[in-house]
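Peer 1: Here you go, one structure.
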Amino acid sequence: MQHLCRLILPLIGLGTAVVFSGCASSVSFQTGQHPGTFAAQITKTVRLDYLLSLPEEYGKDKSKQWPLVLFLHGSGERGSDLNKVIIHGPPKLVAKGKQFPFILVSPQCPDNQRWEPEVLNALLDNIIALYSVDKSRMYCTGLSMGGFGTWDLACNYPERFAAIIPVCGGGEPFKASALKKIPVWVFHGAKDPVVSPERSQEMVNAIQKTGGNVKYTLYPDAGHDSWTATYANPELYEWMLAQHR
């Protein structure tokens, strides 16, 4: 059961309407260099269209809560045509008739933008409010730009996820300590000409230094497309769904 949906939310802290605090009497006109303070409340209205796939048994038992997977596509699928989102990954499998035992949420990043953690976090809040989600079994995965988005989202909101699966992406190693308690399975192609596998290796090394739980699959002959084999592997989903917060 797949639906086309959209999210339109006002977010605090993101930027368009600005409310300043302070008064003219506090302004300093001293010459030279001296300290100052700036405070403001910033709001921004955001919109994400997304595909939603519910398990076949969803709703039959009103008390049952379901795992949730957030899938983040790559840069080539950005825009306003949701048909692009089904080109790769789990949405492609669902479009071909695959039944998953979890709620699958596949947003579309607008043209000329990248995945923003604050926006994705707001989307998750909205999905949790609308559907029967097991918050102890929420997962994020993505490919290429979506792999970068997966790392970034999890580093900013580690309390959200029971596990993450970044595919041919990369992150900021200095943030890896945030992932110490999150099981991570990383995938990359050794011959990737678009995103160097070193980007994944750096994150794996950084997590290992914190004592975290990380697995790394490096396909020796794969180029940038390391996702087709990854998302076709039943072991991936078995491992993922076995993880709980």
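Peer 1: At a 10 angstrom cut-off on C-beta neighbours, averaged per residue, how do the peptides 37-43, 139-145 rank from highest to lowest?
Peer 2: The packing order, highest mean first, is 139-145, 37-43.
Peer 1: Calculated from DSSP H runs of 4 or more alone, at -39500 (n - 2.57) each and per residue, what is the 222 nm mean residue ellipticity of the chain, nearest 500?
Peer 2: My calculation for the chain gives -7000 deg cm²/dmol from helical runs alone.
Peer 1: If you line up the long axis of helix 145-156 against the longest principal axis of the chain, both from Cα atoms, how many degrees apart are they, to the nearest 10?
Peer 2: Approximately 60 degrees, to the nearest 10.
Peer 1: Could you estimate the translational diffusion coefficient of the stretch 130-189 from the Stokes-Einstein equation, with Rh from the Kirkwood formula over C-alpha pairs, at 37 °C and 0.692 mPa s, in whole µm²/s?
Peer 2: Diffusion coefficient, whole number: 284 µm²/s.
Peer 1: Using the number of other C-beta atoms within 10 angstrom as an exposure proxy, rank 240, 138 with the fewest first.
Peer 2: On the way: 240 20, 138 25.
Result, fewest neighbours first: 240, 138.
Peer 1: On a 27 Å Cα-Cα criterion, which of the cross-link pairs 84/191; 92/191; 92/209 come out too long?
Peer 2: On the way: 84/191 25 Å; 92/191 24 Å; 92/209 36 Å.
Pairs exceeding 27 Å: 92/209.
Peer 1: Rank these for me by crowding, 87, 207, going from fewest to most other beta carbons within 10 Å.
Peer 2: Ordered from fewest to most neighbouring Cβ atoms within 10 Å, 87, 207 come out as 87, 207.
Peer 1: Related question: By per-residue mean of other Cβ atoms within 10 Å, what is the highest-first order of 130-137, 116-123?
Peer 2: By packing density, highest mean first, the sequence is 116-123, 130-137.
Peer 1: Okay, next question. Fewest to most neighbouring Cβ within 10 Å: what's the order for 88, 244, 73?
Peer 2: In order of increasing Cβ crowding within 10 Å: 244, 88, 73.
Peer 1: Could you tell me the extents of the chain's C-alpha atoms along the three principal axes, largest first, rounded to whole Å?
Peer 2: That works out to 67, 42, 33 Å along the principal axes.
Peer 1: Shifting gears a bit: I need the phi-derived Karplus couplings for the stretch 162-177: 6.51 cos²θ - 1.76 cosθ + 1.60, θ = phi - 60°, integer Hz, Gly and Pro marked x.
Peer 2: Per residue, the Karplus-derived 3J(HN,Hα) values read 8, 5, 9, 9, x, 10, 6, x, x, x, 9, x, 5, 8, 5, 4 Hz.
Peer 1: For the stretch 52-114 and the stretch 191-245, compute the distance between their C-alpha centroids and round to whole Å.
Peer 2: Computed from Cα coordinates, the inter-centre distance equals 20 Å.
Peer 1: Roughly what angle does helix 197-209 make with the longest principal axis of the chain, taking Cα atoms, 0 to 90 degrees, to the nearest 10?
Peer 2: 80 degrees
Peer 1: Oh, and also: If r is the Cβ-Cβ distance from residue 44 to residue 129 and R0 is 22 Å, what FRET efficiency results, to the nearest 0.05?
Peer 2: 0.65
Peer 1: Please list 3J(HN,Hα) in residue order for the stretch 80-93, calculated via the Karplus relation 6.51 cos²θ - 1.76 cosθ + 1.60 where θ = phi - 60°; whole Hz, with x for glycine and proline.
Peer 2: Result, ordered by residue: 10, 10, 5, 4, 5, 5, 8, 6, 9, x, x, x, 5, 5 Hz.
Peer 1: In addition: Using only Cα atoms, tell me the angle between helix 117-130 and the longest principal axis of the chain; keep it within 0 to 90° and round to the nearest 10.
Peer 2: Long axis of 117-130 versus the principal axis of the chain: about 60 degrees.
Peer 1: Ranked from highest to lowest mean number of other Cβ atoms within 10 Å per residue, what is the order of the peptides 89-100, 166-177?
Peer 2: 166-177, 89-100
All of the numbers you see were taken from the coordinates with simple rules; none came from a lab. Predicted model, so just to flag it, every value in this text is computed and none were measured. Here the Cβ is made from the backbone with ideal geometry for all residues, glycine too, and neighbour counts use every protein chain on show.
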